[in-house]
Amino acid sequence: MKKKIAEQMQLPWTEIPANWTISDIGAPLLASLAEGLYDAQEVLREYVQNAVDSYVDFRRLTGRDPQNTVQVLIDSNGGEVHIMDRGVGMDQKDILLAKSIAVSPKLSRPNDFVGFRGIGIWSGLSVCDTLVLETTKIDVPFLYRLRIDFKSIRDHIYEPIPIDELLRGRFEIHQQDTNVEDHYTHVKLVNVRRDRYQALLDIDKMMHYAAQYLPVPFDPDWHYTPAVKEALASVVWTSTYELTINGEPVFRYFPPETEIKKPEFVHIKDDENREVALAWFAETKRTGQRVAIKVNYKRGEVNNFAVRIKNFAVGQRGLYALPQDVLDFDNLDWYVGEVYITDTDIKPDTNRRSFQRSFRSDDVIRALKKFYTTVATSSRGWSEEVNTLALCENVKDAVYAIEKLLPSSENMSDEKNLSSIANYVATLEEYQDKLKKALNKINAVDMPDDSPRTQAERRYLRKSYVKEAVELALGKISRTLDQLMLIVPASILQPSDSSKQNGTNKRKQSKARTARIKGDHITANEALSTQAIAGNSTDINIEQSIASSEAKKQLTSLELAINAFLATVAAVVGEGSEFYRQIEERLPSELRRRGLDV
Amino acid sequence: MSKRISNSKFTSSEAKNYIRDIFDFEIIRNFKHEHYQDQSLAYLGLPGEGILDVLSWRQFIGRWTGVQVVDTSYNAEIADRIVQKVLLNRMERGFELLRDNIDELLATEAGQQQLKWPYQIVNLDYYGGLVNAAENGNSRRLNALRGLFARQIDVSFVLFLTLNLRDRDRGELTRLVNAEEEELSGLEIQGVSECFTGHREFGNAGELKIYVPIFLGAIANRHSLIFHPPILYQGTQQMIHFAVRCIPYKADSAGRIFRTKDHLSCLNLPLYLLHNRDDLRKVDLGYIGIDKDESLDDGRL
């Protein structure tokens, strides 16, 4: 009964006819475009993107290869910027569509074009007073001109009026006859605002920006251009465009081959082993410097990694490489390279400073960070290799110096000689310790949970020429020390406090070592003097005693391990077996061969 | 939204094309060979919306400054067309467009500072005349030429000067030509009257043929001037075209003295009449003083 009454009391709803029109959208909605969504460089990029898409359309429409040229003309004095492409151009329908905001055929086919938001020509709204777009489409005998009064729109953008009222009368479209074969689009930004967008009128700044962010060709004179181009040929969206600024061609510049090693190529995969990007990278040939690759900034050379989507760079170099996420983060500067995102789900955000959040973006960012870590820690390996080889070279020098002193040391009254020999012996022992550590790393068993840094160090030390050099140097040290034992009184061979290096000397020595490995010229005298100054400080004593104590610990552990190993073999094959006997017999020599004097 | 089909007022005549592509081209080629063999040249001029001169001479030009006055919307449109043409023809390397009056740029200190001196080709393809007097009696155009020579004292350059015959002067041109005739008549040399009569038969063109070398000779005393015979042709209007090679004069630090002989050699130059590519005529306007056989096809000052 109560329910029936309630139903009777419920008032009916009557629908009022209503349409949603453009008048329902207020002018201030455009304010985000007018209030500097893009900085000066990004505005240039937006128009170059449009030019690139015009070439994509040209190929689709004609089946022919387009010219792929983008001309930028900056009139700094006149405050104008021109961007011209010879792409497909626009007909009347296209030009009417071009003035629209966020309405574009590109929106339905985001993977076919670089731009996909439909902002297009409006990206210059905050930048200049007037935009003029002149265009003619292939096979169309008309040239169209769209002129939009951006300044007037900006001046009224916060008025409480509908968006159509704001735009009404503030644009015009004209047409005139033209050659039917012509096809181009010419965008002109008139009266660029010098107060906020002066950079857009700075030719040098724009050249630098274009070289780093736009899909311009690799420097044709760069040694590795053919190799990188060949590797990228199979990857979609790696086409380049001949971009000129005031007639000067823009190229991507990288350090010369004297600075970097041959580029390597890597397919970056996510945790599910799906490819998300292709990267090329080249490692520095330098060591011992804070920023390892010497970069000619004036020329436009770069280091670190650019992340590219559809061949336009996104964000800063080393995008998503943060110190807390990437081990040996600083070492990314020891490399130069590019990462081409191939996962089509990944799109840049509106101003292309990072990835747009998506279903896959977290996975790809994680894969990217992992890649950075692998690369950055590899530099540890490179450093390890260089230092180890330098150590081997130093061994040669020290041994040579001792050999020179030996004949005169037969006269044991020559205290000066004996003192020198004692110093060299101390140095040799220090080298021996370090080289043994290197050999331990070479021979260590890899474990799945080894850190990337450890893995990298082992990878570099296990190179055959490194291993060989280490073994040779250790052999040389052993022989020399053995020889000295026979000739020189044991008391002389005891390392004195003064035979240790202080920090400064050590740095000098390291520098000389690095110089040798780099191939820089160093005289024999310099090499010898580096050796001679080794050791005047007590602080290194502590370091050495720690090292020595660590070495002892390692030795004890190793002996225990060997005993355990032999016990295991005896348990399995029997202590009296021939097999056990052979192992027991050969083990010491095998260990010695690997530098482990157990 | 309006619809408009524009058509340009200016169309380059066949005669003009011939002068630019054959005569001037050859003059520049020889000039470059003689003075700037291993270097490209800098151009300053009024290229017009077709930039036809720059396109024709592009192989010689390394950088260039085009000037276009933008006093009306029509002229502003021409400036826009110039930029478009530059981009379409990939001529933007070393290019700058100054939206200004060339006479203002050349005649004033402030204007001169906007230009990237020096220039080895100066093409003053004026739409109007030379002696268009300003209200105060000074001709801005003549001052511009003074400014040009003053800024290029040490520079070898070639000057092309194209003028409209409908000069809106206040009789200065006729007065100067009469004075010149009077002066030469007093020197007891033969043929003066016939020569001036011959020039006057071509009206303003004849008077300009007399006046321009005298004027340039007077203002450019730090240069040796080598005049080529002027060409009278029908462009959009009746026009006369002068080509002068200007070479720094080093013989005397005080500058070159303008001698009567110099006047005569210019007066004795023939006038070329060009109707079209197939109709070029040489007209002798009379000879003064020196033997006809000794006359040269270029007048040296």
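The values are calculated or read from the model by the stated rules, or taken from the named source; none is laboratory data. Note that the coordinates shown come from a computational prediction; the quantities given were computed from them, not determined experimentally. Cβ coordinates were reconstructed from backbone atoms using ideal geometry, including for glycine residues, and neighbour counts include every protein chain displayed.
Here are some notes:
- Within the range A:383-400, being crowded, with 23+ Cβ neighbours inside 10 Å and among the aromatic types (Phe, Trp, Tyr) holds for no residue.
- Residue satisfying condition, being more than 28 Å from the chain's Cα centre (by Cα), at pLDDT 90 or above, crowded, with 21+ Cβ neighbours inside 10 Å and more than 19 Å from A:SER379 (Cβ to Cβ), within set A:VAL425, A:VAL470: A:VAL470
- Flag for A:ASP129 being at pLDDT 85 or above, charged (D, E, K, R) and part of a strand (DSSP E or B): yes
- Qualifying residue in the range B:241-264 (condition: in contact (Cβ under 8 Å) with a residue 40 or more places away in the chain, closer than 22 Å to B:LYS282 by Cα and part of a loop (DSSP other than H, G, I, E, B)): no
- Of all the residues in the range B:11-49, those that are over 24 Å from B:GLN112 (Cα atoms), more than 19 Å from the chain's Cα centre (by Cα) and either of a type in the set (Val, Ile, Thr) or not in a helix (DSSP H, G or I) (or both) number 3.
- Filter result (assigned to a strand (DSSP E or B) and either within 11 Å of chain A (Cβ to nearest Cβ) or touching an Asp or Glu at 6+ places or on another chain (Cβ under 9 Å) (or both)) within the range B:52-90: B:GLY62, B:ARG63, B:TRP64, B:THR65, B:GLY66, B:VAL67
- Within the range B:225-248, the set of residues being surrounded by 19 or more Cβ atoms within 10 Å (Cβ to Cβ) and closer than 19 Å to B:PHE157 by Cβ comprises B:LEU225, B:PHE227, B:HIS228, B:PRO230, B:HIS241, B:PHE242, B:ALA243, B:VAL244, B:ARG245, B:CYS246.
- Top-ranked residue in the range A:329-364 [being among the polar types (S, T, N, Q) and over 15 Å from A:LYS269 (Cα atoms); ranked as surrounded by the most Cβ atoms within 10 Å (Cβ to Cβ)]: A:ASN331
- Residues that are more than 12 Å from chain B (Cβ to nearest Cβ) and buried (at least 20 other Cβ atoms within 10 Å of the Cβ), drawn from the range A:168-188: none
- Filter pass, B:THR197 being of a type in the set (Ser, Thr, Tyr), part of a helix (DSSP H, G or I) and without any contact (Cβ under 8 Å) to a residue 40 or more places away in the chain: no
- B:ASP53 vs. criteria among the acidic types (Asp, Glu) and in contact with a strand residue (DSSP E or B) (Cβ under 7 Å, 6 or more places away or on another chain): yes
- B:TYR211 vs. criteria assigned to a helix (DSSP H, G or I), surrounded by 13 or more Cβ atoms within 10 Å (Cβ to Cβ), of a type in the set (Ser, Thr, Tyr) and in contact with a Leu (Cβ under 8 Å, 6 or more places away or on another chain): yes
- Listed by first and then second residue, the pairs with beta-carbon distance under 6 Å, at least 6 apart or on different chains, first residue in the range A:330-348 and free of Cβ contacts under 8 Å to residues at least 24 places away in the same chain, second surrounded by fewer than 20 Cβ atoms within 10 Å (Cβ to Cβ) and of a type in the set (Ser, Thr, Tyr), are A:ASP345/A:SER358.
- Residues of the range B:100-114 that turn out to be within 11 Å of chain A (Cβ to nearest Cβ) and either acidic (Asp, Glu) or surrounded by 21 or more Cβ atoms within 10 Å (Cβ to Cβ) (or both), as a count: 1
- Answer residue from the range A:33-82, given it is within 14 Å of chain B (Cβ to nearest Cβ) and small (Gly, Ala, Ser) and is farthest from the chain's Cα centre (by Cα) among those: A:GLY78
- Residue in the range B:8-20 that is in contact with a His (Cβ under 7 Å, 6 or more places away or on another chain) and away from chain A (no Cβ under 14 Å) present: yes
- Output for the range B:56-71, where each listed residue is within 13 Å of B:GLU96 (Cα to Cα) and of a type outside the set (A, V, I, L, M): B:GLY62, B:ARG63, B:TRP64, B:THR65, B:GLY66, B:GLN68
- Hey, A:VAL364 among the aliphatic types (A, V, I, L, M) and out of contact with any Asp or Glu (no Cβ under 8 Å at 6 or more places or on another chain) or not: no
- Number of the condition not met by A:PRO249 [criteria: (1) of a type outside the set (Val, Ile, Thr); (2) within 14 Å of chain B (Cβ to nearest Cβ); (3) crowded, with 17+ Cβ neighbours inside 10 Å; (4) over 24 Å from A:ARG353 (Cα atoms)]: (3)
- Within the range A:35-52, residues that are closer than 17 Å to A:TYR241 by Cβ have Cβ atoms under 6 Å from residues that are surrounded by 24 or more Cβ atoms within 10 Å (Cβ to Cβ) and among the charged types (D, E, K, R) in these pairs: A:ALA51/A:ASP85, counting only partners at least 6 apart in sequence or on another chain.
- Meets criteria (β-branched (Val, Ile, Thr), in contact with a helix residue (DSSP H, G or I) (Cβ under 7 Å, 6 or more places away or on another chain) and modelled with pLDDT under 85) for A:VAL291: yes
- Within the range B:115-135, the only residue that satisfies the criterion of being within 12 Å of chain A (Cβ to nearest Cβ) and either without any contact (Cβ under 8 Å) to a residue 60 or more places away in the chain or among the basic types (Lys, Arg) (or both) is B:LYS116.
- Residue ID - nearest to the chain's Cα centre (by Cα), chosen from residues in the range B:220-243 that are under 19 Å from B:LEU267 (Cβ atoms) and aromatic (Phe, Trp, Tyr): B:PHE242
- Top-ranked residue in the range A:200-228 [being within 23 Å of A:PRO263 (Cα to Cα) and among the hydroxyl-bearing types (Ser, Thr, Tyr); ranked as nearest to the chain's Cα centre (by Cα)]: A:TYR213
- In the range A:320-364, the residues that are of a type in the set (Ser, Thr, Tyr) and assigned to a strand (DSSP E or B): A:TYR335, A:TYR340
- A:LEU143, sole failed condition from (1) aliphatic (A, V, I, L, M); (2) within 22 Å of A:ALA40 (Cβ to Cβ); (3) within 11 Å of chain B (Cβ to nearest Cβ): (2)
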